[in-house]
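First comes the structure, then the notes that go with it.
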Amino acid sequence: MIKTCIIGASGYTGAELAALVHSHNKFELAALYVSTHSADAGKSLGDIHPQFFNSIDLPLQPIDESNLSALSNRFDLIFLATPHEASHKWMNELCGKKAVIMDLSGAFRIKNKNKFAAYYGFEHHADKLLAQAVYGLADWHQEQISSANLVAVPGCYPTASLTALKPLQQNALIDATHFPIINAISGVSGAGRKAALNSSFTEVSLQAYGVLRHRHQPEIADYLGTDVIFTPHLGNFKRGILATITVKTAANVTEQQITQAYQQAYQGNPIVRLRNNWPKIDDVVGTPYCDLFWKLDEKTGYLVVTSAIDNLLKGAASQAMQCANLRFGFESHMGLVN
């Protein structure tokens, strides 16, 4: 068994990770940690998330920041479901020991330090680790993930967007003179468990936010290989992401070429489902799937693609689990789908 712990286990993503690791027959959920001054310290996961009351009885232990190296030598695998600043601060102590690190924060996704500082609001000082980190887009970077000791698990919006766009980009089906336009809506759980007025369920209607400055925009552009216009929206529902993407295709691209690109990219992949109709969030909530559907207007060359995921699972916890499976030599979907 692969001895595993989760740091930041009391949040929505951390709790989903705990459930996935607990039910996996190759990984042992050995410990759960929260920040030193967390109000959740000492409680059980079931006290915070009652759906796990009778299944996961591990206590939420306060992390000892002075002893991170020893912690990393105790475990085979550590998931960090922590704020960007915490992952950045702790990574030098955690890396280079026994444990493989799966970081679900944004601290090691963007390779350009100037771009990182502009979008994340603080300077990056872990140059060597930043260079070593592998981007954990599990359905595309399998080979790199399989040998990585630090995996930067993608953001939820980039996962939905890149899964939809990469087959087109890889097959040169996108008109390089037109940026793909991504409009994506997320449920309020994407803002995390900490209470805030602007993400309170009773305050949220449906609105755009982070327009032309959201930190996921450079992440999408970097790993797609072209600039995009990305506009996120916050919706009045708990979880899920629906991304509707408009693409100007290259000259003379046909529907058949587009279909072949998606089929070749995701053939035999049980996680990415190529649908026969427009997906909706209810189709994917509570699952590890990404559902895709598209339609081309051959007269104008404009293509519309819809991508639907659960932001806490495929957009975070279950993709991290895919990465862990790949890193330890298992099928990507093991423990996620039958």
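The values are calculated or read from the model by the stated rules, or taken from the named source; none is laboratory data. In this text the structure is predicted, and so the values were computed from the model without any measurement. With ideal geometry, Cβ positions are generated from the backbone for all residues, glycine too; neighbour counts draw on all protein chains shown.
Figures for the structure shown
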item: The listed residue being surrounded by 12 or more Cβ atoms within 10 Å (Cβ to Cβ) and either among the small types (Gly, Ala, Ser) or touching a residue at least 12 places away in the same chain (Cβ under 8 Å) (or both), out of GLY286, GLY268; result: GLY286
item: Qualifying residue in the stretch 300-317 (condition: of a type in the set (Ser, Thr, Tyr), free of Cβ contacts under 8 Å to residues at least 40 places away in the same chain and in the same structural domain as LYS238 (by TED's automatic domain parsing)); result: yes
item: Any strands (runs of 3 or more DSSP E) falling wholly within the stretch 36-149 and containing at least 1 residues that are modelled with pLDDT under 95; result: 60-62
item: Condition check for GLU16: under 20 Å from the mean Cα position of the chain (by Cα), assigned to a helix (DSSP H, G or I) and surrounded by fewer than 19 Cβ atoms within 10 Å (Cβ to Cβ); result: no
item: Hits in the stretch 229-253 (condition: part of a loop (DSSP other than H, G, I, E, B) and either in contact with a Leu (Cβ under 8 Å, 6 or more places away or on another chain) or within 18 Å of ARG275 (Cα to Cα) (or both)); result: ASN236, ARG239, GLY240, ALA250, VAL253
item: Flag if TYR262 is surrounded by fewer than 19 Cβ atoms within 10 Å (Cβ to Cβ) and either assigned by TED's automatic domain parsing to the domain that holds ALA133 or more than 19 Å from the chain's Cα centre (by Cα) (or both); result: no
item: Criterion: closer than 25 Å to VAL134 by Cα, surrounded by fewer than 20 Cβ atoms within 10 Å (Cβ to Cβ), touching a residue at least 24 places away in the same chain (Cβ under 8 Å) and not assigned by TED's automatic domain parsing to the domain that holds ASN112 - qualifying residue of HIS214, HIS233; result: HIS214
item: Verdict on ALA107 being within 20 Å of CYS156 (Cα to Cα), surrounded by 14 or more Cβ atoms within 10 Å (Cβ to Cβ) and aliphatic (A, V, I, L, M); result: yes
item: Sole residue being in the same structural domain as LEU80 (by TED's automatic domain parsing), modelled with pLDDT of 90 or more and at positive phi, chosen from GLY8, GLY14; result: GLY8
item: Residues (within 15 Å of the chain's Cα centre (by Cα) and of a type in the set (A, V, I, L, M)) located in the stretch 287-335; result: ALA308, ILE309, LEU312, LEU313, ALA316, ALA317, ALA320, MET321, ALA324
item: Residues (in a loop (DSSP other than H, G, I, E, B) and under 21 Å from ALA133 (Cα atoms)) located in the stretch 291-338; result: PHE328, GLY329, PHE330, SER332
item: Residue within the stretch 248-256 that is surrounded by fewer than 19 Cβ atoms within 10 Å (Cβ to Cβ) and free of Cβ contacts under 8 Å to residues at least 24 places away in the same chain present; result: yes
item: Selection count where residues are closer than 25 Å to CYS156 by Cβ, buried (at least 16 other Cβ atoms within 10 Å of the Cβ) and out of contact with any Asp or Glu (no Cβ under 8 Å at 6 or more places or on another chain), scope the stretch 46-78; result: 6
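Listed here are the residues, each with its yes/no results for (1) surrounded by fewer than 19 Cβ atoms within 10 Å (Cβ to Cβ); (2) touching a residue at least 40 places away in the same chain (Cβ under 8 Å).
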{"site": "ASP127", "(1), (2)": "yes, no"}
{"site": "VAL134", "(1), (2)": "no, no"}
{"site": "SER146", "(1), (2)": "yes, yes"}
{"site": "ALA152", "(1), (2)": "no, yes"}
{"site": "PRO158", "(1), (2)": "no, yes"}
